[in-house]
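Down below is the structure, laid out as structure tokens.
The values are calculated or read from the model by the stated rules, or taken from the named source; none is laboratory data. This one's a predicted model, so the numbers in the text were calculated from it and none came from an experiment. Note: ideal-geometry Cβ built from the backbone for every residue, glycine included; neighbour counts use all protein chains shown. Accessible surface is based on the protein model in full, side chains and every heavy atom, while ligands, DNA and RNA are left aside. Shrake-Rupley method; radii C 1.70, N 1.55, O 1.52, S 1.80 Å.
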Amino acid sequence: KYPMAIPFFHSKEGMDMAHRIVASGGDLWGVDQVFVVAPRYLFAKLAKVAASKEANELAAKYAKRAQETFNAAMSSGNPGDVILQQLTDPEFDKLREAFADQASAIEMIGQIQLSRDIYQYWYDGEYYQNNKVRSDLMKRLFLQQYRNASAQADLPRVMFKLGSNHAVRGLTSTYLYDLGNTVTELAAINGTSSTHIRLTGARGTSYNMLSGAQEFDSTEDWHEWLQNALLGPLDEMES
């Protein structure tokens, strides 16, 4: 109903994976910020769980506006057109006042506002701060879920599905020790280990929600040994 609301699970394969995890008795943990086009879903959810008429009407108003601005952004190609970058602090304060007695709703509203701030760092050219605040959030959200799971089972096993920069060991290309490094250190503290696998598209067609389908070829940036190892077999597969 809300395409692209959950990034990296908006493909058929991604959703199949999510359903299989749940069907097998596993849990899905969200560790990222609120995606830029997700508020239209979240405000609709807030309207549904609202405990008062005032809260319901306010959340429904925001949900309608979120859908309208989403449509505008898809037409203009400008992600800044979405509601997330238009909401002001006083508007968030109104939401908190309306949902004052609902702790889970307050948490959701806070996450939406924090995500607005994270995106704004990017628009303002504060790229390090954008990545730093987001990384810290991901670590907190993961550890919150991990502690909850640890209360049920010793050393729960976790599989991550992340962009490779978040999953890397050591210092990332954005000069952060990101969640992947946190997991490496946590595994070492627990006396276990973590496995990190990077999947990289060689060449083909990629899809961006604003710019559509685009051809790409990343093989020119590969290290020489990787080109020698894979380009021959890759060309044979394509032919």
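Report, in debye and to the nearest 20, how large the dipole of the range 66-177 comes out about its Cα centre when Lys and Arg carry +1 and Asp and Glu carry -1 on their Cβ. Walk me through the numbers before you get to the answer.
Details: 11 positive and 13 negative charges, 154 e Å.
Dipole magnitude for the range 66-177 comes out near 740 debye.
Between Glu68 and Leu226, 0.36 nm times their residue separation minus their Cα-Cα distance comes to what?
Full extension from Glu68 to Leu226 adds 52.2 nm.
Any idea of the accessible area per residue across the range 1-98, 1.4 Å probe, to the nearest Å²?
With the other protein chains kept in place, the range 1-98 gives 58 Å² per residue.
Please compute the contact order of the range 144-208 in relative form: average sequence separation of alpha-carbon pairs under 8 Å and at least six residues apart, divided by the residue count, as a percent.
Answer for the range 144-208 is 20 percent.
Taking every pair of Cα atoms in the chain, average 1/r, invert it to obtain the Kirkwood radius, and report Rg/Rh to two decimals.
In the chain, Rg relative to Rh is 1.00.
Need the full-extension length gain, Glu57 to Tyr177, defined as separation in residues times 0.36 nm minus the C-alpha distance. One decimal, nm.
39.0 nm
With all protein chains present, calculate the accessible area of Lys94 using a 1.4 Å probe and round the result to the nearest 10 Å².
120
Please work out whether the range 1-85 counts as rounded, prolate or oblate from its C-alpha gyration tensor, where a ≥ b ≥ c are the square roots of the eigenvalues and a/c under 1.5 means rounded, while otherwise a/b larger than b/c means prolate and anything else oblate? The partial results should precede the final answer.
Values: a/c = 2.61, a/b = 1.30, b/c = 2.00.
Here the range 1-85 falls in the oblate category.
Describe numerically, in nm with one decimal, the distance between label points set 7 Å from Cα along Cα→Cβ at Asp217 and at Arg96.
5.3
Give me the percent relative contact order of the chain, please, defined on Cα pairs under 8 angstrom at least 6 residues apart.
14
Helix by helix through the chain, keep the DSSP H runs that span 24 Å or more along the axis on Cα and average at least -0.5 on Kyte-Doolittle, and give those back in order.
Working: long enough: 53-76 (34 Å, -0.82); 103-123 (30 Å, -0.07); 127-150 (34 Å, -1.22).
Span-like helices in the chain: 103-123.
Summing -39500 (n - 2.57) over the DSSP H runs of n ≥ 4 in the chain and dividing by its residue number, what mean residue ellipticity at 222 nm do you reach, to the nearest 500 deg cm²/dmol?
-18000 deg cm²/dmol
Heavy-atom accessible area per residue, the range 143-239, 1.4 Å probe: how many Å²?
Computed with neighbouring chains in place, this is 75 Å² per residue.
Calculated FRET efficiency, Arg140 and Arg203, Cβ-Cβ r, R0 41 Å, to nearest 0.05?
Here the calculated transfer efficiency is 0.65.
For the range 45-125, which whole percent of the accessible surface, found with a 1.4 angstrom probe, sits on carbon and sulfur atoms?
51
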